[in-house]
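A quick write-up on the structure given underneath.
Throughout, read-outs are computed from the coordinates displayed, never taken from laboratory work. Fair warning: this is a prediction, and the values are worked out from it, not measured in the lab. Here the Cβ positions follow ideal geometry from the backbone for every residue, glycine too, while neighbour counts run over all protein chains shown.
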Amino acid sequence: MNINRRSAIRYFIIVGAGAVLLPTCKPSPKKISAYNNISIDEDQQAMLAAIAETIIPDTNTPGAKGISAHLFALQMLNDCYEQKDRNRFLTGMQQFNKDVKDKYKKSFVECSPDEQKIIVAAMNSQKDAKDDAAYFYNILKGLTVQAYTSSKYYLTNVQEYKLVPGRFKSSVPV
Amino acid sequence: MGNNTNTFDAIVIGSGISGGWAAKELCEKGLKTLVLERGRNVVHNKDYPTTNMMPWEFEHRGQIPVDIADKNPVVSRCYAFREDAMHFFVKDTEHPYIQQKPFDWIRGYQVGGKSLLWARQTQRWSDFDFEGPARDGFAVDWPIRYKDIAPWYSYVEKFAGISGNKDGLDMLPDGEFLPPIELNDVEKYFQNVVAKNYNGRHVIYGRCAHLTEPQKTHYDQGRVQCQNRTLCQRGCPFGGYFSSNSSTIPWALKTGNMTLRPYSVVQEIIYDDKKNKAAGVRIIDAQTKVVTEYFANIIFVNAAALNTNLLLLNSKSNRFPNGFGNDNDVLGKYVAFHNYRAHINAKCNDFTNVTTEGRRPTTAYIPRFRNVYKQETDFLRGYAAGFGAYRGIQHDTSGFGTELKDALASKDLGSWYVGSHMMGETIPKESNYVSLDANKKDEWEMPLLNINVEYDDNDEKMVKDFQEQMTEMYTKAGFTDIHVDDSKHAPGLDIHEWVVCVWVKTLKHLY
């Protein structure tokens, strides 16, 4: 949890700084050192955050950004996926990035919210199981949903989890 | 013989369910008792590190990291080996054994053993079970009958606290029950369908070791009512289910007669040629590797089925050159276990106007209905089955954006689903055996156990019969989308292995 929080703080600092720095100079993105099994740099991490946020947006309540879903996704990818699946995710991520840049001449993060929605909508209806970018998107979406639905916010405010439910009721009218 | 500090009235080897009971009984009767446990101590309510953790506090939300799973394929196949309870399981890498045939040996090396992890189901045997071998001629007759054990069932049930319903079934005798947790509407419906359509088939509430209405004896143990957390495998702060840790071990400790020695790997039972009986045990400290001998007039071996055989096989003397009590060379043979391979799931499209609230630590149970009164199939013995119906909130996750977010906030209920799994009896055969490896030893100088256990034709027929019979019963109930499967997992994963010869042949030498 500590690592996640540290990474989260670092992420917010980077995005803040990036907004100022990007137009003038663009150093090559720094590798994220928190993950020993996957090679991810700061730009890629920011892209994952932006995609996750498009999948489950912050509205008047927290969404993917509010609960740092992309950091959970990266942690799970790093710890709980086989190497071949990690590799495919990273390959798919690069493919996704390239497809966006080819089409929009800018990165996903630089796209407008409407453009981001159009891109994600296309990915969301993609049915080709062989496509690496689709694989990447589906894994990221699954982990984003898992991060959100198992978050403290969700299990306290949306669908309440009771650690000690007490009585079981065998028949309750709907 | 040993000095005073190493001599006790009784020695109990192992602190799981039966070891805890032995410790309690011996200590209550005033015997100074040494309880030897090979693993670390787990003190009730002190050593349950995950018990009050919320779902989001688990780094991987319960999932086992892939490097642990890859290194420990056997234990990783166990349904309960998850992030919240993995510290109570033996990792493959820590305690190797030799699978001459695939066998998933699931172990819990700590005070309390697997009593922390068990599924808490407590059905009595009936005379149909005890008379099985005598009737079908396979394996040796049991030396006892139901009437011999019934008072002891009652004795244990009252202390442990068993929730159940008095169903009056001859194949599943009633016991000393605390109130049952009610079956839900779909389970009751299936209960009626089965009762109407079949003679001798019953769907009942599964009897289980949960305190649904604690009595004085349970409060005296420091246990209170089960809160339906269904987080039992983490260790229960309420003592809501029975474990050695919450019940028998602290009870034994309270007498002042118990000495509990964790990290004690028993290597051998020492045979005294002059007295013509077991005199003590030799242990090696799991951490320091220091070897010590302890002596007592009574020795209880409660090291679970396979490790008990390992220990007895390794206890060689002039009197017993092939292992303790092993005059007829059956020690380690006739390993039996449960067959849990088959499952059947389906959908129930009715009862959309009701659901359940909260959680429940048990399900319904279908007592054995095959070959109960007479041999009626082409396989021997039979199977019981678990049965449960569930309904939960179902989310449509196909969309994205605010649409997805709204869908995840929905409280709309999905359909009811039903599931059942078989619990098949396997017949004890000489060809299913364990033995000591001649060369390989673990770091505590114990020979590695060779395990040579497999399913046979009887088990295959039983899997098929369960699938057919349950499909028929589901069909009569109008369940749809019926899906049967055979996991084909290796023996052992049921975590119910037992070995016939141990109690028959060796007990008399241990007292």
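Across peptide A:148-159, what mean number of C-beta atoms from other chains lies inside 10 Å of a residue's C-beta?
4
What's the angle, to the nearest 10 degrees (0 to 90), between helix B:17-28's Cα axis and the longest principal axis of chain B?
60 degrees
Helix B:457-476: angle to the longest alpha-carbon principal axis of chain B, degrees 0 to 90, nearest 10?
It is inclined by approximately 30 degrees.
Under the definition of partner shielding as Cβ atoms of other protein chains within 10 Å of a residue Cβ, what is the mean value for peptide B:347-360?
3
With the Cα gyration tensor of the range B:219-292 giving a ≥ b ≥ c as the square roots of its eigenvalues, does the rule (a/c under 1.5 for rounded; else a/b larger than b/c for prolate; else oblate) give rounded, prolate or oblate?
prolate
Past 23 Å, Cα to Cα: identify those pairs from B:Lys147/B:Lys374; B:Lys32/B:Lys147; A:Lys31/A:Lys84, in the order given.
From the list (B:Lys147/B:Lys374; B:Lys32/B:Lys147; A:Lys31/A:Lys84), the Cα-Cα distance tops 23 Å for B:Lys32/B:Lys147.
What does the highest-first list of B:338-350, B:386-398 look like by mean Cβ count within 10 Å?
B:338-350, B:386-398
Over all alpha-carbon pairs of chain B, lay out the pair-distance distribution in 20 Å bins, whole %, shortest bin first.
Spelled out per bin, shortest first, that is 20, 56, 22, 2, 0.
Across 10 Å bins from the origin, how do the percents of Cα pairs in the range B:99-190 run, short distances first?
13, 29, 33, 23, 2
What does the highest-first list of A:61-72, B:38-49, A:107-118 look like by mean Cβ count within 10 Å?
Order by mean packing, descending: A:61-72, B:38-49, A:107-118.
Counting only other residues whose beta carbon sits under 10 Å from that of B:Arg229, what net charge do I get with K and R as +1, D and E as -1?
Here the count lands on +3.
Relative to the first principal axis of the alpha-carbon coordinates of chain B, what is the inclination of helix B:146-160, with its axis defined by its Cα atoms, in degrees from 0 to 90 and to the nearest 10?
80 degrees
Pick from A:Val145, A:Val164, A:Val100 the residue whose mean-square fluctuation is largest in a GNM of chain A, springs joining Cα atoms under 10 Å.
A:Val164
So what's the net charge close to B:Gly62: Lys and Arg +1, Asp and Glu -1, counting the other residues with Cβ under 12 Å from its Cβ?
Neighbourhood net charge equals -1.
With a/c under 1.5 counting as rounded, go ahead and sort chain A into rounded, prolate or oblate using the C-alpha gyration tensor (a ≥ b ≥ c being the square roots of the eigenvalues; past the cut-off, prolate if a/b is larger than b/c, else oblate).
The shape class here is prolate.
If you add up the charges near A:Thr149, with Lys and Arg at +1 and Asp and Glu at -1, over every other residue whose beta carbon is less than 14 angstrom from its beta carbon, what do you get?
Here the charged neighbours net out to +2.
Rounded to the nearest 0.05, what FRET efficiency is calculated for B:Asn297 and B:Lys101 with R0 set to 41 Å and r the Cβ-Cβ distance?
Efficiency for this residue pair is about 0.55.
Cut-off under 18 Å on the C-alpha distance; same-chain residues fewer than 8 positions from A:Lys106 excluded. Which lysines are left, in chain and number order?
List returned: A:Lys26, A:Lys98, A:Lys117.
Under the rule of -39500 (n - 2.57) per DSSP H run of 4 or more residues, summed and divided by the residues of chain B, what mean residue ellipticity at 222 nm is obtained, to the nearest 500 deg cm²/dmol?
Rounded to the nearest 500, the figure is -6500 deg cm²/dmol.
With an 8 Å Cα cut-off and a minimum separation of 6 or more residues, compute the relative contact order for chain B in percent.
Relative contact order here is 20 percent.
Take every Cα pair under 8 Å in the range B:136-282 that's 6+ residues apart, average their separations, divide by the length, and report that relative contact order as a whole percent.
Relative contact order of the range B:136-282: 16 percent.
Which of the three applies to the protein assembly as shown, rounded, prolate or oblate, going by the alpha-carbon gyration tensor with a ≥ b ≥ c and a/c under 1.5 meaning rounded?
In terms of gyration-tensor shape, prolate.
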